[in-house]
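Quick notes on the structure that follows.
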Amino acid sequence: MQDVIAVYYFIPDENTTPEFAAQAISDEETTGTWTDLTTRADYVRRLDGHVESLESYRDGYLTKIRYPGEIFEKGNIPQYLSVVAGNLFGLGRLCSVRLLDVEFPEQLCNFSGPVFGMEGVRKLIGTEKSRRPHVGTIIKPKVGLNPKDTAHVAYEAAVGGVDFIKDDETLTDQEFCPMKDRVEEVMARLDDAMSETGRKILYAVNVSDRADRIVERAEQALECGANTLMIDVITCGFSAVQALSELNTGNVPLHIHRTMHAAMTRNPEHGIAMRPIAKLVRMAGGDQLHTGTVSGKMGHDPSEILGDNKMLTGSMFGFRPVFPVSSGGLHPGKVRAELETLGTDIVLQAGGGIHGHPDGTRSGAAAMRQAVDAYMEGCLPEDYAKDHIELRRALEKWGSK
Ligand code: CAP
Ligand code: MG
C-alpha cells in the first residue's frame, strides 16, 4: 500500500524546536505517544510516520509528514481524518497548526466519487454546449416562509431564469415549513414554471439531520419528487455525503453546503484549509460544493479558492469533476468579478442578490442571468444594462463592484 502525505503549516512554542514539533505530529498520529515506549516490535516500527521535509515559511514552518498507508482503513473517511487531522491540533508544544493539503494514494480512494459531477448536472440543465455558468438561488427569507410561499418564491426565481434553487442550510423540517409539504409544493410550482418556460430547474432539498435519520429523510424527499439533495458536510460529516451518494446512485445530484467550515478554514495559521475538505467531498460523492466567492460577503483568499476549484475539476483517479459553487453576498454587479477570476465552470448563487432586487425575485433572477449573458457575450454589465432593464435596476441598487 502506498503512503499518505499530509502538508502542515505550524508555529511551535518558544521552547520547542521545529524538528521536535514536526516529529511530535508524526509520532502522535502514528505509533508514538508523548514519551518513548520501552518496547516497540519491528512490525510496529514499520508503521512509524516520517517527517519528509521541513522548511521555514511565513512566521512558522511547513512540513510534509508521510503516514504509512497501512495505518488507514480503506474507505473509512472518519478514520482517515483521525490520523491526518486528529489530536495534532491540540498538541501543547505547538502554538498553531494548519492542515493545508493531503495526498491519498489510489488504493485509499476506493470511493465512487460524484455520480453526476459537473457534466452530469450540466446535462440535466442543457448547458453542456454553451458552457455558461449556472445561476442558483437560496430561497430568502432563509427561514420563516411556509411551504406555499416558499414554492411561490421558487416559481418566481425559476420563471425569472435561475437553473437551480436550494434550501438554506438553516432550513430542514421545522414546524413552520415541514419538508414533505415544502418539497411537494415547490416541485409542483417548478412543473408550472417548466410548462411555461420549457426549462428544467433543480431544487436541492436540505436533508441534514442526525446521522441515523439522514438516509430516511433523503428517501422521503425523493418520494416527494425532489430532483436534487443537499447536505451540510461539516455539521453532518463526510460519511453523510458518502451514504447519500451510495443510496441514490444515478438518481439525483448532491449539493454540498459547508456551513461551519470557517471555524476550521478561516484562521490562516490554524485549523484545516478548504483543500482537504474539498478533496474528501469529491471522494465521498458530492456533485456540487461551495468553495467561496472572490467578491462576496464572506472572508476569502482568491488564490486558495482558485486552487480548490482546480482540484475539484482537475484529474483525480478517474473521479468525475465536481461543480464548484460560488455563494455568499453575490448580486448581478459582482458576476463579472467572479467569472473573471474563477472561470465559467461554476454555479453562481445569489440569495439576497436576487430576492432583494427592487422589482422582486423574478426580476432579480433575470438580472443575474443577464449579468452572466453579458459576460459570455464579452460585454460590460453597464453596457448590457442599457437595454436590459432588470440588470439596470440591479446595478442602480448595488453597483457593479
Ligand atoms: C448565501 C447563503 C450561503 C452562503 C454560505 C447564505 O446567501 O445561502 O449560506 O453562501 O457561504 O444564506 O448566506 P446570500 P459559503 O446570497 O443571501 O448571501 O459559500 O462561503 O459556504
Ligand atoms: Mg445560507
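Out of the residues in the stretch 238-259 that are of a type in the set (S, T, Y) and either within 16 Å of ligand 1 (Cβ to nearest atom) or assigned to a loop (DSSP other than H, G, I, E, B) (or both), state the one that is modelled with the highest pLDDT.
Step by step, filter the stretch 238-259, then rank; the result is T259.
Would you check which residues across the stretch 243-260 are buried (at least 22 other Cβ atoms within 10 Å of the Cβ) and not β-branched (V, I, T) and list them?
Listed by number, the residues that qualify are L244, S245, P253, L254, H255, H257, R258.
Can you pull out the residues in the stretch 205-226 that are assigned to a loop (DSSP other than H, G, I, E, B), under 19 Å from the mean Cα position of the chain (by Cα) and not hydrophobic (A, V, I, L, M, F, W, C)?
S208, D209
Report whether or not G352 is surrounded by fewer than 18 Cβ atoms within 10 Å (Cβ to Cβ), out of contact with any Leu (no Cβ under 8 Å at 6 or more places or on another chain) and assigned by TED's automatic domain parsing to the domain that holds K142.
Numbers: surrounded by fewer than 18 Cβ atoms within 10 Å (Cβ to Cβ): no; out of contact with any Leu (no Cβ under 8 Å at 6 or more places or on another chain): yes; assigned by TED's automatic domain parsing to the domain that holds K142: yes.
Judged against the criteria, G352 is not a match.
Which numbered condition in (1) in contact with a Lys or Arg (Cβ under 6 Å, 6 or more places away or on another chain); (2) part of a helix (DSSP H, G or I); (3) within 16 Å of ligand 2 (Cβ to nearest atom) is the only one that M230 fails?
Result: M230 fails condition (2) only.
Within the stretch 308-323, identify whether any single residue is more than 30 Å from T249 (Cα to Cα) and in contact (Cβ under 8 Å) with a residue 12 or more places away in the chain, and answer yes or no.
no
Looking only at helices (runs of 4 or more DSSP H) that lie completely in the stretch 292-397, which have at least 2 residues being within 15 Å of ligand 1 (Cβ to nearest atom) and of a type outside the set (V, I, T)? Let's see the steps before the verdict.
Details: elements: 302-313, 335-342, 352-355, 361-376, 381-384.
Passing ranges, in order: 302-313, 335-342, 352-355, 361-376.
Just a yes or no: is a residue in the stretch 69-84 surrounded by 16 or more Cβ atoms within 10 Å (Cβ to Cβ), touching a residue at least 24 places away in the same chain (Cβ under 8 Å) and part of a loop (DSSP other than H, G, I, E, B)? Let's see the steps before the verdict.
At the first step, the residues of the stretch 69-84 found to be surrounded by 16 or more Cβ atoms within 10 Å (Cβ to Cβ) are 69, 71-72, 77, 80-81, 83-84.
Now narrow it down to the ones that are touching a residue at least 24 places away in the same chain (Cβ under 8 Å): 69, 71-72, 77, 80-81, 83-84.
Now restrict to residues that are part of a loop (DSSP other than H, G, I, E, B): 72.
Within the stretch 69-84, one or more residues are surrounded by 16 or more Cβ atoms within 10 Å (Cβ to Cβ), touching a residue at least 24 places away in the same chain (Cβ under 8 Å) and part of a loop (DSSP other than H, G, I, E, B).
Is it the case, given these coordinates, that L229 is hydrophobic (A, V, I, L, M, F, W, C), free of Cβ contacts under 8 Å to residues at least 40 places away in the same chain, assigned by TED's automatic domain parsing to the domain that holds H257 and buried (at least 24 other Cβ atoms within 10 Å of the Cβ)?
Numbers: hydrophobic (A, V, I, L, M, F, W, C): yes; free of Cβ contacts under 8 Å to residues at least 40 places away in the same chain: yes; assigned by TED's automatic domain parsing to the domain that holds H257: yes; buried (at least 24 other Cβ atoms within 10 Å of the Cβ): yes.
Spelling it out, L229 is indeed hydrophobic (A, V, I, L, M, F, W, C), free of Cβ contacts under 8 Å to residues at least 40 places away in the same chain, assigned by TED's automatic domain parsing to the domain that holds H257 and buried (at least 24 other Cβ atoms within 10 Å of the Cβ).
Which of the residues belonging to the stretch 20-68 are of a type in the set (D, E), more than 15 Å from V97 (Cβ to Cβ) and touching a residue at least 24 places away in the same chain (Cβ under 8 Å)?
Correct list: E52 only.
Could you list, in sequence order, the residues of the stretch 164-183 that are more than 15 Å from ligand 1 (Cβ to nearest atom) and free of Cβ contacts under 8 Å to residues at least 40 places away in the same chain?
Our first condition is that a residue be more than 15 Å from ligand 1 (Cβ to nearest atom); within the stretch 164-183, this holds for 173-183.
Within the stretch 164-183, Q174, E175, F176, C177, P178, D181, R182 meet the criteria.
Among (1) in contact with an Asp or Glu (Cβ under 9 Å, 6 or more places away or on another chain); (2) under 22 Å from G353 (Cα atoms); (3) in contact (Cβ under 8 Å) with a residue 40 or more places away in the chain, which single condition is T150 missing?
Here T150 clears every test but (3).
Would you point out the residue of the stretch 149-197, among those that are in a loop (DSSP other than H, G, I, E, B), of a type in the set (D, E, K, R) and touching a helix residue (DSSP H, G or I) at 6+ places or on another chain (Cβ under 9 Å), that is nearest to ligand 2 (Cβ to nearest atom)?
Residue satisfying both the conditions and the ranking: E169.
The values are calculated or read from the model by the stated rules, or taken from the named source; none is laboratory data. The model shown is predicted, which means the values in this text are computed figures rather than measured ones. A quick note on method: Cβ atoms are made from the backbone with ideal geometry, for glycine too, and the neighbour counts reach across all protein chains shown.
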